[in-house]
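K.L.:
Just dropping this structure here.
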Amino acid sequence: MTTINKRELIVSAIENGTVIDHIPVTTVLMVLNILGLNNYEDEVLIGINLDSKKYGKKGIIKVRSKYFEQHDLNKIALVAPNATLIVIKNYEVVEKKSVQIPDKIDEILKCINPNCITNKEAIKTQFTVIGKDPLKIQCHYCEKSMTNIRFAE
Ligand code: CTP
Ligand code: ZN
């Protein structure tokens, strides 16, 4: 008869890579998009609605053999401000850090001004964060400022 070890991780441990823990359950897929993981070619493990001591329910993403730039990781603060980033090497936790809303955000957002050049031509968007709480960003191209963020498709 097999016994199930109750202490085993629900989403398996990884040998090397990055774990993004404590993601709100509703934004796990947004985090995947922001980090460009929809076309990543190695293993990505995803858990949604896992029990969490701190937050009730949470999401988690584990990316094998990948270490992100802090700048890219910070972009996820827009949708997962309490996320914990964990660097794993040889199965050990070697670093744990949090995310901060960056001062500049490129590519992932869309300008709300329909006349903005970024909505007419294939130009990557660039925003300056002019307020973090509440969030307020300003388009580098048309200078329109906005408090509602929209993600580029
Ligand atoms: N983890 C992993 N692979 C490893 C080691 C850890 O996927 N080889 C994951 C664990 O699943 C956990 C996270 O990395 O989600 C952090 O690991 P650890 O610090 O051991 O967990 P906790 O003490 O539960 O951390 P916290 O209290 O911050 O949730
Ligand atoms: Zn604009």
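The values are calculated or read from the model by the stated rules, or taken from the named source; none is laboratory data. Note that the structure is predicted; figures quoted are calculated from it, not measured. Glycine also receives a Cβ, built like all others from the backbone with ideal geometry; neighbour counts cover every protein chain displayed. These accessible areas exclude ligands, DNA and RNA; they are computed on the full protein's heavy atoms, side chains included. Shrake-Rupley method; radii C 1.70, N 1.55, O 1.52, S 1.80 Å.
K.L.:
If the chain between Ser145 and Glu121 were fully stretched, how many nm would it gain, using 0.36 nm times the residue separation less the Cα-Cα distance?
P.N.:
Numbers: separation 24, 0.36 × 24 = 8.64 nm, distance 1.98 nm.
Gain on extension, Ser145 to Glu121, equals 6.7 nm.
K.L.:
When the Kirkwood hydrodynamic radius is evaluated over all pairs of different C-alpha atoms of the range 104-151, what value in angstrom, to one decimal, is obtained?
P.N.:
10.5
K.L.:
Taking H as built 1.01 Å from N, whose amide H comes closer than 5 Å to the amide H of Thr84, not counting residues under 5 places away?
P.N.:
Asp21, His22
K.L.:
Using 1/(1 + (r/R0)^6) with R0 = 22 angstrom and r between the beta carbons of Asn16 and Glu69, what's the FRET efficiency to the nearest 0.05?
P.N.:
Working: r = 17 Å, r/R0 = 0.77.
The calculated FRET efficiency here is 0.80.
K.L.:
Still on this model: In what sequence, largest accessible area first, do His22, His71 appear using a 1.4 Å probe?
P.N.:
His71, His22
K.L.:
Using only the Cα atoms of the chain, construct the convex hull and provide its projected area averaged over every direction, in square nanometres to one decimal. Spell out each step's value before the answer.
P.N.:
Values: hull surface 43.6 nm².
Answer in nm², one decimal: 10.9.
K.L.:
Report ³J(HN,Hα) in whole Hz for each residue of the range 63-68, in order, from the Karplus equation J = 6.51 cos²θ - 1.76 cosθ + 1.60 where θ = phi - 60°; Gly and Pro get x.
P.N.:
10, 6, 6, 9, 10, 8
K.L.:
Using the heavy atoms of the protein chains alone and a 1.4 angstrom probe, what is the accessible area of the chain per residue in square angstrom?
P.N.:
Here the residues of the chain average 65 Å² of exposed surface.
K.L.:
Another question, then. What does the accessible area of Val129 come to, in Å² to the nearest 10, when a probe of 1.4 Å is used?
P.N.:
20
K.L.:
Rg to Rh for the range 39-78: what is it, with Cα atoms only and Rh by Kirkwood? Don't jump to the answer; show the numbers that get you there.
P.N.:
Values: Rg = 12.3 Å, Rh = 12.0 Å.
Using Cα coordinates only, the ratio equals 1.03.
K.L.:
May I pose another question? Where does the range 31-113 land on Rg(C-alpha)/(2.2 N^0.38 Å)?
P.N.:
Values: Rg = 13.7 Å, N = 83, 2.2 N^0.38 = 11.8 Å.
The range 31-113 yields a ratio of 1.16.
K.L.:
Could you tell me, in Å, what Rg and Dmax come out for the Cα atoms of the range 67-153?
P.N.:
For the range 67-153, the Cα radius of gyration and maximum Cα-Cα distance read 15.2, 51 Å.
K.L.:
Using each residue's phi in the range 90-97, evaluate 6.51 cos²θ - 1.76 cosθ + 1.60 at θ = phi - 60° and report the 3J(HN,Hα) Karplus result to the nearest Hz, with x for Gly and Pro.
P.N.:
Here the 3J(HN,Hα) series is 6, 6, 9, 6, 9, 7, 10, 9 Hz.
K.L.:
Amide H to amide H, which residues 5 or more places from Ser52 or on other chains are under 5 Å from it, using H placed in the peptide plane?
P.N.:
Correct list: Lys57, Lys58.
K.L.:
If you don't mind, another one. Give, as a single signed number, the net charge of other residues whose beta carbon lies under 11 Å from the beta carbon of Ile86, with Lys and Arg counted +1 and Asp and Glu -1. Let's see the in-between values first.
P.N.:
On the way: positive: Lys62, Lys89, Lys96, Lys97; negative: Asp21, Glu92, Glu95.
Taking every other residue near Ile86 into account, the sum is +1.
K.L.:
Quantify, in whole percent, the carbon and sulfur part of the accessible surface of the range 17-98 (1.4 Å probe; protein heavy atoms only). Kindly include the intermediate steps, with their values, before the conclusion.
P.N.:
Values: 2100 of 4510 Å².
Carbon and sulfur atoms account for 47 percent of the accessible area of the range 17-98.
K.L.:
Please list, in chain and number order, the residues 5+ apart from Tyr141 or on another chain whose amide H is under 5 Å from its amide H, with Hs placed from the backbone.
P.N.:
Gln126
K.L.:
Moving to a separate point now. Of the accessible area of the range 104-151, with the probe set at 1.4 angstrom, what percent is carbon plus sulfur? Kindly include the intermediate steps, with their values, before the conclusion.
P.N.:
Details: 1370 of 3070 Å².
Ligands and nucleic acids excluded, carbon and sulfur reach 45 percent.
K.L.:
If r is the Cβ-Cβ distance from Lys96 to Thr26 and R0 is 41 Å, what FRET efficiency results, to the nearest 0.05?
P.N.:
Details: r = 23 Å, r/R0 = 0.57.
Here the calculated transfer efficiency is 0.95.
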